[in-house]
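No lab work stands behind these numbers, since they all come straight from the coordinates. Just so it is clear, the model here is predicted, and its values are computed rather than measured. With ideal geometry, Cβ positions are generated from the backbone for all residues, glycine too; neighbour counts draw on all protein chains shown.
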Protein chains: 4
Amino acid sequence: MPRPFTMIRRVQFAETDAAGILHFANYFRIMEETEHAFWRSMGQSIMTPKDGKHVGWPRVATECEYFEPARFEDEIELTFVVTRVGDQSYSFEVRFDCRGKTIAIAKTTAVCCLCGDGQVCKTPIPDAIRSELVAAMATVPN
Amino acid sequence: MPRPFTMIRRVQFAETDAAGILHFANYFRIMEETEHAFWRSMGQSIMTPKDGKHVGWPRVATECEYFEPARFEDEIELTFVVTRVGDQSYSFEVRFDCRGKTIAIAKTTAVCCLCGDGQVCKTPIPDAIRSELVAAMATVPN
Amino acid sequence: MPRPFTMIRRVQFAETDAAGILHFANYFRIMEETEHAFWRSMGQSIMTPKDGKHVGWPRVATECEYFEPARFEDEIELTFVVTRVGDQSYSFEVRFDCRGKTIAIAKTTAVCCLCGDGQVCKTPIPDAIRSELVAAMATVPN
Amino acid sequence: MPRPFTMIRRVQFAETDAAGILHFANYFRIMEETEHAFWRSMGQSIMTPKDGKHVGWPRVATECEYFEPARFEDEIELTFVVTRVGDQSYSFEVRFDCRGKTIAIAKTTAVCCLCGDGQVCKTPIPDAIRSELVAAMATVPN
């Protein structure tokens, strides 16, 4: 079975808060860094110029469940899985593992859009990207 | 009918991203700023010292739906509503309105904990806070 | 004597770090928020569209000295003073006061630029803005 | 000649702003990430527990000069050099290189402190760390 994209990311000091832990909002930044690294692993960028505008992926919904806190300098293993590929949107999950435990799971749905001149229009996912996303949906995490 | 806590918060430049809009992860920071301002409006702080430790409210789940983007210097009206008060946790929603439209709704469940010495233990919500939270549940947004 | 622009800004939880204090990098964000609020007080925006591009003010140098830490929910009084107005750039200082003490002073030099199509070109400061900046240079802080 | 500590760090999307570039305040976060990675390369952590308190390194002054912008997904080569080691403080520089050019130089002075119970007291740099910092002062960047 093909394995999903994974990467290691250390918790940085500026990401902690006065409770001594990784601030809950920063999980969404780390989730996004994982998504963008996955795109680069496909040879793609999440934000690409097109006809004087750019194709981007605004989020329509995102969520995170937190099971255990993470602390400064913790190494987090991030596992990226595509969970749905539609005509104009896709959904993914990022699992956060630390010291052998799953400490958080974040989920997002993003829409493929052509952006420019202050306007944002939904557009079909380009075929080359779509096939990569579908392939990533078939992976099986450990 | 009592009205819920509201405040106005402007989108800052450092909160925007290269797509020219308020970055999706920053909605969670603004949601939290609204929650903490609500607590101050009760005469409370979300983080209080107790017996050499502190009482805090780690999040167990959070989510946001996005309907329209926000941009640099947009004024966002934030409406805070408590949706559930349990023995050791509570849930709330923050509605983001901008130029007469609801642009996002964020939701969170947080747990009352005694934190210190690297440990986090659930603890019952103090009575004085509980009664305030219950009162805030009875408000009706516009 | 005219007084400089001031505002009050509370330290937010997400801006603190595991040392329990306002993270040093966040002073620069607060400095910038003060600058942009000063511009709005002039009836201006720091970032304005022009001929399909925009006029912006990239920073060429910035610095901050820290005298005392700030903590979650501290109210900081911010005083904005223009210290130099050139043909294409200006310099300013923001003083951070908390509980009657100056806790930090931040300084920046920014350059007026026409930005667009991936290019950034220095441009003279528009006259209307220049005269406002010069007026702000003549203020005297308490 | 010994070479200084270097690392590669990619510009993340959440670090860009509506001008399409790495926001100037985020250079300080990247500077700090480089410092902390240098400490780990010495087998040390910048924040260590001691007698129920912790040893930390609050900043007293920091600055950055910006020569060229950086953009989303740019790879930045970071070079860390210690420039001064005192009894209770040290100074360092981080050089930001991108596409063969130096795009920014950041400098900081930090003080060794024993922190806890809401108090921060200067303390001499421990000998083991001091000797490492002195060694790092003798490196010569390319």
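For this structure, a couple of remarks:
- Diffusion constant of the protein assembly as shown at 4 °C, which comes from Stokes-Einstein with the Kirkwood Cα-pair radius and 1.567 mPa s, µm²/s: 52 µm²/s
- Amide H contacts under 5 Å for residue C:71: C:22, restricted to partners 5 or more places along the chain or on a different chain, H placed in the peptide plane at 1.01 Å from N.
- Simple rule: put +1 on each Lys or Arg Cβ and -1 on each Asp or Glu Cβ in segment D:5-136, find the dipole, and look at D:28, D:116, D:79; the Cα lying farthest toward the positive end is D:116.
- Note on the protein assembly as shown: with charges restricted to the Cβ of Lys and Arg (+1) and Asp and Glu (-1), its dipole about the Cα centre is near 0 debye.
- Relative contact order (percent, whole number), chain A, Cα cutoff 8 Å, 6+ residue spacing: 29 percent
- Footprinting exposure proxy for C:120, B:11 (fewest neighbouring C-beta atoms within 10 Å first): C:120, B:11
- For segment C:87-131, the Kirkwood estimate of hydrodynamic radius, built from reciprocal distances between every pair of different alpha carbons, is 12.9 Å.
- Hydrodynamic radius (Kirkwood) for segment A:1-133, which is based on Cα pairs only, to one decimal in Å: 15.8 Å
- Rounded to the nearest 10 degrees, the angle from helix D:127-137 to the longest Cα principal axis of chain D is 30 degrees.
- Shielding of D:67-75 by partner chains, average beta-carbon count, 10 Å: 3
- Counting other Cβ atoms within 10 Å as a rough exposure proxy, the listed residues A:35, A:132 run A:132, A:35 from fewest neighbours to most.
- Residue pairs exceeding 25 angstrom between C-alpha atoms, taken from C:53/C:122; B:53/D:50; C:53/C:107; A:53/C:50; C:50/C:122; B:53/B:122: C:53/C:107.
- Footprinting exposure proxy ranking of A:64, D:115, D:121, fewest other C-beta atoms within 10 angstrom first, gives D:121, D:115, A:64.
- Contact order normalised by residue count of segment A:9-56, Cα under 8 Å, 6+ apart, percent: 16 percent
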